Structures are given as structure tokens and as C-alpha cells.
Amino acid sequence: MDHQLCGRFRTLRAYLPDELNESTTLDFHNNGSIRNYCPNGDSGNTKECKTDLDKINAACLWLFQQNIIINIDSLSKEKSEAFIIYIMIWLSYMLKLKKDRKIKKLNEFYEAHIKNNSHYTNCKKIIIIMMIVVID
């Protein structure tokens, strides 16, 4: 696994534990820019992750941004694919760990939380543009 990706997972685990009986005293929202990926809170423009599902979604989008989007110019296709696989394995594990009764399959999570999220759609656009540039 890539050293930076491993470090980001380690940081994320400090704010969002990946063990059933583990908790943290760290405020999830204080993990750098992760709050930007939370949904808008009750007060309007303030981003806030209230549920475990909100936190998992924000963390997933944060991982994509930190590991793929900001490095898109220097990543090979193989490394990008490996990062995506690691992130999807983490996402699947966290969803099973938290046992949200509404989400039974990874695709359900994608449809409900990622597919129309502006962070994801912007990420997708950047990847498509980069692929077109490489092909030309």
C-alpha cells in the first residue's frame, strides 16, 4: 500500500475508529478538511456529520480527494485503480461494521450518498478530462 494512503487511513482511524468497541475523544470535524464533505447541518450552510453514515460518506469522499484528485497528474492508471480498490474495501468494511439497517449493499450506499454528491461528480469530471488528455 502507498505510504501516503496508509498514513491517511491511520489518521482517519484516529477520528473514526474501525473496531466495534473502540471509541475516540477526537472530534471527527477537526480532521483537516473532512467537514467539507459532510452534509449541510440544521443551521443551513454549516457542514456537519451527525450519523456514522454521514461520517463514513464524508471520509470516503475525503479519501478520494486526498489520494486521487489532488495527485491526478502524477498517478498512473494502475496506482489510481489500486487506491480506488483500497478505498472501496475500507468503505465496504465500515458499512458492515456500523450495520446501518438502511444500507444492505455497497451499490445502495453509492446511490444514496455518492452518486449525486458534487464532490464525487467533480472528481469524476476531472478523471474523464485526464483520460481524454492522455488518449489525445
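Might you let me know whether the stretch 57-68 holds any residue that is over 16 Å from the mean Cα position of the chain (by Cα) and within 18 Å of LYS115 (Cα to Cα)? No, that holds for no residue. Across the stretch 14-52, the qualifying residues are those that are aliphatic (A, V, I, L, M) and modelled with pLDDT of 85 or more, and the one among them that is nearest to LYS96 (Cα to Cα) is LEU16. Within the stretch 87-106, the residues that satisfy the criterion of being at pLDDT 75 or above and within 15 Å of the chain's Cα centre (by Cα) are ILE87, MET88, ILE89, TRP90, LEU91, SER92, TYR93, MET94, LEU95. For the stretch 62-86, filtered to residues that are at pLDDT 85 or above and surrounded by 19 or more Cβ atoms within 10 Å (Cβ to Cβ), the residue that is farthest from ARG8 (Cα to Cα) is TRP62.
The values are calculated or read from the model by the stated rules, or taken from the named source; none is laboratory data. Because the structure is a prediction, the values reported are computed rather than measured. Positions of Cβ are backbone-derived with ideal geometry, glycine not excepted, and every protein chain shown enters the neighbour counts.
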